[in-house]
Amino acid sequence: MSEETIIKVLIVDDIADTCDQIEKLLFFEKDIKVVGKASNGRQAIEMALKLQPNVILMDINMPEMDGIAATEALSAKGLPIGVIIMSVQGETDYLRRAMFAGAMEFLVKPVPSDDLFNAIRSVYARVIVKPTRGPAVSPSENQPQKSDAKGHLLAVFSPKGGVGTSSVAANLAIALRQLTNKKVVLVDGNLVLGDIGVILDLKSADRTIAELAENITEMDRELLNEVLANHSSQIKVLVAPPNPQIGETVTADHFRRILEFLCTEFDYVIVDTPCSFQDRALAALDLADRIVLLMALEMTCIKNIKLFLEVAELLEYRREKIFLVLNKADSRPGIKVADIEANIQHKVALQIGNAPLEMTNAINQGVPMVIDKRDHRTSKDIFSLAKQLATMSGETVGDETAAKSQATAKTEKKSGGLFGMFQGR
Ligand SMILES: Nc1ncnc2c1ncn2[C@@H]1O[C@H](COP(=O)(O)OP(=O)(O)OP(=O)(O)O)[C@@H](O)[C@H]1O
Ligand SMILES: [Mg+2]
């Protein structure tokens, strides 16, 4: 194996035994080489400058200088080094701070060896794709430059309330950012009673979409940057107005113009689209490159999905624009997915597993599952969704099943006429 393909790793932990154990664990991995061991943050910085590792495994609690401060200092130097923070269970606050400081990955100790190897390789891949991240002044400045092409607008939508639109939109935005390292903005399209501020613990964000609507003719990059909230995952968030009265001042035309502007500034614009067929929701659906259509295994939801597909046809949306996702999927006997697909004449492109407890906890704690429980099956499903959508948008993120889902979208047939049921509602 050539020198260039060896991943150089620096281990940082104040407990010498831990450093030794990790070193032993990595010893048999042919593409990974431990180049040094440091016992605190300050030593880690010195050794990083001298040894130029590709990846640093960083403990948090250490004497002299802790792992977060060291990560921040390294990040500010803009070196091509990926930091993996390793911490014990339950230190959620550390996770946020670590990500804010510029860490690329977070592992909970004790780390299963496969997870450790995978994390090192994945962080290394991201470091060599993007050699320098530049000084980490804030999450916003940590974002890479937007490419010249127009950004991709992904509208997460369900014609039935409570199916998980806001939760999936928030998790998807973060997963996309983590997988692609591109500029991502999440927009709370629920202009009246939005939930994204709570789901991402951005309740104190006081500048909202209403301010952009109010200044629509003067809207520019500077105003946008002032109004957007920074999330520790390095996505930007456009939160909803604080009350319905202010929310009502944002018209569909405002909303459309704001989304169009965001597409010139970001690579991915994820919209938590309101559950309605009113003009503001349609503004997002019309502009969307892809609609992530969420369905649950309930008859009322399936009925509405069928109706939505009818409306989509009337609106002349391309069939492949609609990416049907089954949320809260589980293996309980009951309605079969194949039967639904036959009934609605549309393939389910992906399933997101049911995790009621974890999803509710995530909302209550303001930390999405893809951050705090990234190894959970449901988080993996959301990463898989992000990967497929990114691949469909032309991004290279790996090898998996995007081609397959594109193929299924193309082979779908048209649905029958139920639009009258909508009009009667
Ligand atoms: N994959 C999942 N597994 C289990 N529960 C989930 C899943 N996704 C979302 N939920 C739960 O579903 C409930 C509704 O979620 P959420 O608020 O995201 O839905 P919504 O469609 O945006 O709702 P609304 O129509 O009120 O805006 C929450 O309790 C959430 O925890
Ligand atoms: Mg919602």
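Can you work out the Karplus-derived ³J(HN,Hα) for every residue in segment 379-385? Use 6.51 cos²θ - 1.76 cosθ + 1.60 with θ = phi - 60°, whole Hz, and x for glycine or proline.
Result, ordered by residue: 5, 4, 4, 5, 4, 5, 4 Hz.
Can you tell me the order of 292-305, 246-259 when each peptide is scored by its average per-residue count of other Cβ atoms within 10 angstrom, highest first? Intermediate results must be reported in sequence, preceding the final value.
On the way: 292-305: 20.0, 246-259: 18.1.
Result, highest mean first: 292-305, 246-259.
Please work out whether segment 191-232 counts as rounded, prolate or oblate from its C-alpha gyration tensor, where a ≥ b ≥ c are the square roots of the eigenvalues and a/c under 1.5 means rounded, while otherwise a/b larger than b/c means prolate and anything else oblate?
On the way: a/c = 3.25, a/b = 1.59, b/c = 2.05.
Taking the square roots of the gyration eigenvalues as a ≥ b ≥ c, segment 191-232 is oblate.
Between residue 329 and residues 5 or more places away or on another chain, which pairs have amide H atoms under 5 Å apart, with H built 1.01 Å from N, and which residues are they?
352, 353, 354
Let a ≥ b ≥ c be the square roots of the eigenvalues of the Cα gyration tensor of the chain; is it rounded (a/c under 1.5), or, if not, prolate (a/b larger than b/c) or oblate? Intermediate values should be presented prior to the final figure.
Numbers: a/c = 2.14, a/b = 1.62, b/c = 1.32.
It is prolate, given that a/c is not under 1.5 and a/b is the larger ratio.
Which pairs, out of 8/182; 150/321; 203/236; 33/109; 182/306, put more than 23 Å between their alpha-carbon atoms?
Working: 8/182 25 Å; 150/321 17 Å; 203/236 14 Å; 33/109 21 Å; 182/306 34 Å.
Violating the 23 Å limit, Cα to Cα: 8/182; 182/306.
Order these peptides, 168-177, 358-367, by their mean beta-carbon neighbour count within 10 angstrom, highest first.
Descending packing order for the listed peptides: 168-177, 358-367.
Looking at 11, 112, 45, which one has the Cα that reaches farthest to the positive end of the dipole of segment 3-137 (charges on Cβ: Lys, Arg +1; Asp, Glu -1)?
Working it through, the farthest residue towards the positive pole turns out to be 45.
Using Cα atoms only, what is the angle between the long axis of helix 299-314 and the major principal axis of the chain, expressed in degrees (0 to 90) to the nearest 10?
Taking Cα atoms only, the helix is inclined about 80 degrees.
Quick one: 3J(HN,Hα) in Hz for segment 29-46, Karplus 6.51/-1.76/1.60 with θ = phi - 60°, rounded, Gly and Pro as x.
So the J values, rounded to whole Hz, are 7, 5, 8, 10, 10, 7, 9, x, 9, 10, 10, 7, x, 5, 5, 4, 5, 4.
Among 317, 124, 268, 94, rank each residue by its count of other Cβ atoms within 10 Å, from fewest to most, as a rough exposure measure.
Details: 317 16, 124 23, 268 27, 94 20.
Listed from fewest to most nearby Cβ atoms, that is 317, 94, 124, 268.
With a/c under 1.5 counting as rounded, go ahead and sort segment 155-281 into rounded, prolate or oblate using the C-alpha gyration tensor (a ≥ b ≥ c being the square roots of the eigenvalues; past the cut-off, prolate if a/b is larger than b/c, else oblate). Display every interim value, and only then the final one.
On the way: a/c = 1.40, a/b = 1.05, b/c = 1.33.
Because its axes are fairly even, with a/c under 1.5, segment 155-281 counts as rounded.
From the residues 54, 274, 295, which one has its Cα farthest along the dipole of the chain in the positive direction, the dipole being from +1 and -1 charges on Cβ of Lys/Arg and Asp/Glu about the Cα centre?
Result: 295.
Near the amide H of residue 187, under 5 Å away, which other amide H atoms are found, from residues 5 or more places off or on another chain, if H is placed in the peptide plane?
For residue 187, the qualifying residues are 238, 270, 271, 272.
Let's see if you can work this out: charge +1 on each Lys and Arg Cβ, -1 on each Asp and Glu Cβ, no other charges. What is the dipole magnitude of segment 3-137 about its Cα centre, in debye to the nearest 20? Please report the intermediate quantities before stating the final value.
Working: 15 positive and 19 negative charges, 105 e Å.
Here the size comes out at about 500 debye.
Residue by residue, what Karplus-based ³J(HN,Hα) values in Hz, rounded to whole numbers, does segment 213-223 have, using 6.51, -1.76 and 1.60 with θ = phi - 60° and x for Gly and Pro?
4, 5, 10, 4, 6, 9, 4, 9, 4, 5, 5
Work out the length of the dipole vector of the chain about its Cα centre, built from +1 on the beta-carbon of each Lys and Arg and -1 on the beta-carbon of each Asp and Glu, and round it to the nearest 20 debye. Don't skip to the answer; put the middle values down first.
Details: 48 positive and 56 negative charges, 238 e Å.
Roughly 1140 debye for the chain.
Based on the mean of other Cβ atoms within 10 Å per residue, sort peptides 324-330, 223-229 so the most packed one is first.
Values: 324-330: 21.4, 223-229: 17.6.
For the peptides 324-330, 223-229, the packing ranking is 324-330, 223-229.
Read-outs throughout are calculated quantities, based only on the coordinates presented, and are distinct from any laboratory measurement. The structure displayed is predicted, hence computed values, not measured ones. Neighbour counts are summed over all protein chains in view; Cβ atoms, including those assigned to glycine, are modelled from backbone coordinates with ideal geometry.
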